[in-house]
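No value in this document is a laboratory result; all are computed from the given coordinates. Keep in mind it's a predicted model, so treat the numbers as computed, not measured. Glycine gets a Cβ as well: all are built from the backbone with ideal geometry, and neighbour counts include every protein chain shown.
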Amino acid sequence: MKATLMELIKDRLTIEEACEMAGIQLGKGRGNTRTARCPLHDDASPSFIIYLDSNRWRCFSGCGHGDAIDLLSRVYDIPISQTLHRIANDLGITTSEQQESDRQKQRIEKQRQERQKAQADKEFESAVTKAVHFLKSLSDELDKPIRACTTPWQVEKYADYIHLTAKIERILDDLVSGERQIRENGLLAARRVLFIVKEARGKQRDIDKTKTA
């Protein structure tokens, strides 16, 4: 991510320095402000003010407002692109300095991306751990009535449990796989199972309430 010439100048140039370049005589002012006669019109009394904390200027007689670069562009009466090169020359901003700024921004961006990836990986592993715990608990819960079956009709009664148990085993295999995409698919499948189980348990609770009413 390259730093633009405008970004370099904005980091370096203050509104006071811009006024000095433009030949504007600043008054003392108050706090973080300074006043002067506006260089953009025939100003009989000071109607021009700069704000040191935000590096902005404003003319209260209608000339507008802006930042240090806008001011010099208006005073010099040249386009912003030409103003940037003129300011860069006055400030001694070199190509090597811009390149170093580019490299610094690239390093910062790379570090930010690495932190984001590390956080995403941490959250993913946490979600997988919770999913594995849930599926194993559910599998144990389903396995108990299946193991208690002693006749074919009892096995048939729990056919849905048997199918779900087999599905859970496949999902667990995917979750412990070394390939990230397979594990992500397994996590999605685990969440679908969780939704189905919650929905079924909710319906069962409603049935139980109806019976006891």
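Worth a mention:
- The range 114-212 pair-distance distribution - Cα-Cα, 10 Å bins, rounded %: 14, 36, 30, 14, 5, 1
- Calculated FRET value between residue 123 and residue 170, using beta carbons and R₀ = 25 Å, to 0.05: 0.55
- Model label points for residue 198 and residue 144, set 7 angstrom from Cα along the Cα-to-Cβ axis, are 2.3 nm apart.
- With contacts taken as Cα pairs under 8 Å and at least 6 residues apart, the chain reaches a relative contact order of 14 percent.
- Sorted largest first, extent of the range 1-97 alpha carbons per principal axis (Å): 44, 28, 21
- Amide H to amide H distances under 5 Å link residue 33 with 52, where only residues 5 or more positions off or on other chains count and H is placed in the peptide plane.
- The chain, helix-only ellipticity at 222 nm - DSSP H runs n ≥ 4, -39,500 (n - 2.57), divided by all residues, nearest 500: -23500 deg cm²/dmol
- The range 156-181 versus the range 28-53: alpha-carbon centroid distance in Å: 74 Å
- A Förster radius of 45 Å, combined with the Cβ-Cβ distance separating residue 41 from residue 111, puts the computed FRET efficiency at roughly 0.40.
- Dipole magnitude (debye, nearest 20) for the range 120-195, charges at Cβ of Lys, Arg, Asp, Glu: 140 debye
- Per residue, the average separation of C-alpha pairs within less than 8 Å and at least 6 apart gives the range 114-212 a relative contact order of 24 percent.
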